[in-house]
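Worksheet for the structure shown next.
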Amino acid sequence: MPDIIDLRSDTLTRICKSDVETLDFAKIGDDCYGEDRYVRELEAYCAELFGKEAALFMPSGTMSNQVGLRCLAAPGDEVVTEVGYHINFFESSAVSVNSGLVLNPYHSADGILTAADARIAIQAKARWSKLYAAPKVVAIESSINSYGGIVYPVEEMRRMRALCDEMDLSLYLDGARVLNACTRLDMPPARYVRPADMLNFCFSKGVGAPFGSILAGPAEKIEAARVFRKWHGGCLHQSGLMAGVALDKMGHWQRVTQQDNDNAEWLGRRLGEAARLKYPVETNMVFIEATDAKGVAARLAARGVLALAWKPDLLRFTCSSLVTRRELERAADIIRASL
Ligand SMILES: *Cc1c(COP(=O)(O)O)cnc(C)c1O
């Protein structure tokens, strides 16, 4: 159905012929032999963009997180995080099965796991003997998906770094949409992510690539990540086909994330007149409260607008390059009429 306006997720962007036609196929080789020039270019580009020594192309954000945490901790170790962060909300089984790590998820006041929160979470468990799980990593997220795409504050990240230094922990940033956050802050990515030892970023979200993520960090950790990625079956052969498209999309990240953030801000204002916004709109998504989210989503779908019933009382609308401002205006009218 051509008239559908899909606001469920920014992962739903379509690949088009021109995305692939502009690729230089001669650059595509076997990445397991280190012979794919697109993959190497994309890794170098991201290491520079995020100001880290090295970066590794990953098939998914989940694998990036799994491998990243495994690089910073060993089986039996503990990772402090927030209950709503992707690493706990979606990946808790994966963390336990893949890496043998235990999560210590904290319920923060407003979605920001502060350094003070992390200290409380750490002090809540037995720390007087090496017989018990030892906290090794604090995992934060930005933008924060489960809390409406809000931005993890710069000053708090610095405070978290200080706590990590004090307690000899690593700081991991799940930055699946970190460029939307940087655009919101008008801050260079390398500066924003500097306090984090390692981070994940997803090409398949805001920038609109069909595939892939990047894990960035110290060279020695990225070498370890190469091994863990192989264990996960994530060393791919001609992955330059995907890396080449991602690299091309990265050339437009500022424009695209700005446009998506602006669109969400506009949508938030329109919907805020008719519904309660659950969170301030800071990046590319809008969450509204609804007593029967599933029911509203079904009514919307019947009228050609797709939204995600995130929780029984919460609807998520995501802006991406899949939806134009004109379509968004039409969607806003339909949403307001369906509440
Ligand atoms: C999407 C997402 C991931 C996982 O990425 P996949 O490519 O879907 O595995 C991780 N963290 C956050 C915050 C995300 O939004």
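Where a number appears in this text, it was derived from the coordinates with a stated rule and is not lab data. Quantities reported herein were computed from a predicted structural model and do not represent experimental measurements. Please note: Cβ atoms are built from the backbone with ideal geometry, for glycine as well, and neighbour counts cover all protein chains shown.
In this model, which of LYS230/LYS294; LYS52/LYS136; LYS249/LYS294 are farther than 32 Å apart at the alpha-carbon?
LYS230/LYS294; LYS249/LYS294
Given R₀ = 25 Å, what would the calculated FRET efficiency be for ASP165 paired with HIS232, taking r from the Cβ atoms and rounding to 0.05?
FRET efficiency, ASP165 to HIS232: 0.25.
Among 306-316, 211-221, 90-100, how do they line up by average Cβ neighbours within 10 Å per residue, starting with the highest?
So the peptides 306-316, 211-221, 90-100, ranked by packing, come out 211-221, 306-316, 90-100.
How far apart, in nm, are the 7 Å Cα→Cβ label points at GLU21 and ALA94?
3.5 nm
Using a Gaussian network model of the chain with C-alpha springs under 10 Å, which one of TYR33, TYR152, TYR45 is most mobile by mean-square fluctuation?
Highest fluctuation of the listed residues: TYR33.
Check TYR106: other-chain or 5+ apart residues with amide H under 5 Å from its amide H, H built from backbone geometry?
Here the answer is THR81, GLU82, VAL83, since their amide H atoms fall under 5 Å of that of TYR106.
Which one, ILE15, LEU271, PRO59, projects farthest toward the positive side of the charge dipole computed for the chain from Cβ point charges (K/R +1, D/E -1)?
My answer, from the dipole projection, is LEU271.
Subtracting the Cα-Cα distance from 0.36 nm times the residue separation, let me have the gained length for GLU48 to ARG14 in nm, one decimal.
9.5 nm
Please identify every one of the trypsin sites (Lys or Arg not before Pro) in region 1-95 that sits in a loop by DSSP and has no more than 14 other beta carbons within 10 Å of its own beta carbon.
Of the trypsin sites (Lys or Arg not before Pro), the ones in loops of region 1-95 whose Cβ has at most 14 other Cβ atoms within 10 Å are ARG14.
Can you list the GluC sites (Glu not before Pro) in region 138-210 that are in a DSSP coil and have 16 or fewer other beta carbons within 10 angstrom?
none
If I model a spin label as a point 7 Å beyond the Cα along the Cα-Cβ vector, how far apart are those points for TRP128 and ARG255 in nm?
Those two pseudo-labels are separated by 6.2 nm.
Once every DSSP H run of n ≥ 4 in the chain is given -39500 (n - 2.57) and the sum is divided by its residues, what mean residue ellipticity at 222 nm do you get, rounded to the nearest 500 deg cm²/dmol?
-13000 deg cm²/dmol
Show me 281-292, 128-139 ranked by packing, highest mean number of other Cβ atoms within 10 Å first.
Ranking the peptides 281-292, 128-139 by packing returns 281-292, 128-139.
For q = 0.14 Å⁻¹, what log10 I(q)/I(0) does the chain give under the Debye formula with an equal point scatterer on each alpha carbon and no solvent?
The Debye formula, applied to the Cα set alone, gives -1.12.
So what is the relative contact order for region 17-250, in percent, with contacts set as C-alpha pairs under 8 Å and at least six apart?
With pairs under 8 Å counted, the relative contact order is 31 percent.
Mind running the shape call on region 166-290? Use the C-alpha gyration tensor, a ≥ b ≥ c as the square roots of the eigenvalues: rounded below 1.5 for a/c, prolate if a/b tops b/c, oblate otherwise.
Because a/c hits 1.5 or more and a/b exceeds b/c, region 166-290 counts as prolate.
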